[in-house]
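The values are calculated or read from the model by the stated rules, or taken from the named source; none is laboratory data. What you are looking at is a predicted structure, and each value in this text was computed from that prediction instead of being measured. Cβ sites come from the backbone with ideal geometry, for glycine too, and all protein chains shown count toward neighbours. Remember, those area values only see protein heavy atoms, side chains included, never the ligands or the DNA or RNA. Shrake-Rupley method; radii C 1.70, N 1.55, O 1.52, S 1.80 Å.
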Amino acid sequence: PGAEAERVALCKAIAAKLSPETPVEARTFLLRLLANVGQHEVVSALAAQLSDKEPLVRESARCALQHNPSPHAAAALRTALAGAQDTAWRVAMINALVGRPDSPTVQILLKAVADPNDEVRTAAVAALARLGDPAAAAALAAARAKGSPRARAAATSSYLLLADRLCDRGDKAAALNI
């Protein structure tokens, strides 16, 4: 408590060491440190690591942004999701957004529910269900009829989970509709 200036200085010093010349193991360690103490001051440094050629660095940066409380971290994750081509990376970005119940996150996840890829669509329906936003009901209902049997089953489970979340939040009428 009372050491905010020191925390910010520490985070900036750590972020400055995240260059390609720093060994992968060291960058991964530094990213884990930033996951614990970093906030808005390191979001741009973390976002830059999402495109690193080393998968471990990218994943460590994703985790650090996932745990970063700044709204700018959520924006960086949404931007990374929008630009991601690899299925596994898109799923990882979707999973990182689960703790971000803001409107832009819900909107990008609603777009992902229409993705032709079963894995991406399944991750998106699960994420929307866990967020518990009533705006997801129609998209989750429609997703129950798309894709493989596994994807349809996951969409049905997610639809029911959404009903549970809505009920927990006191929106019993919306839950009953589901």
Subject >> Helical contribution to [θ] at 222 nm, DSSP H n ≥ 4, -39,500 (n - 2.57), averaged over the chain, rounded to 500 >> reply: -22000 deg cm²/dmol
**OP:** Calculate what fraction, in whole %, of the accessible area of segment 17-67 sits on carbon and sulfur atoms when a 1.4 Å probe is rolled over the protein chains.
**Re:** 56 percent
**OP:** Taking semi-axes √(5λ) of the Cα gyration tensor in Å as the quantity of interest, determine which of [x] 33, 20, 16; [y] 34, 19, 10; [z] 29, 23, 17 was computed from the displayed structure.
**Re:** [y]
Original post:
Where nothing but the Cβ of Lys and Arg (+1) and of Asp and Glu (-1) is charged, how large is the charge dipole of segment 72-172 around its Cα centre, in debye to the nearest 20?
Top reply: 140 debye
Subject >> Rg to Rh, two decimals, where segment 68-119 supplies the alpha carbon set and Rh follows Kirkwood >> reply: 0.94
**OP:** Among the GluC sites (Glu not before Pro) in segment 1-63, which ones are in a DSSP loop with at most 11 other Cβ atoms within 10 Å of the Cβ? Mind listing them?
**Re:** E21
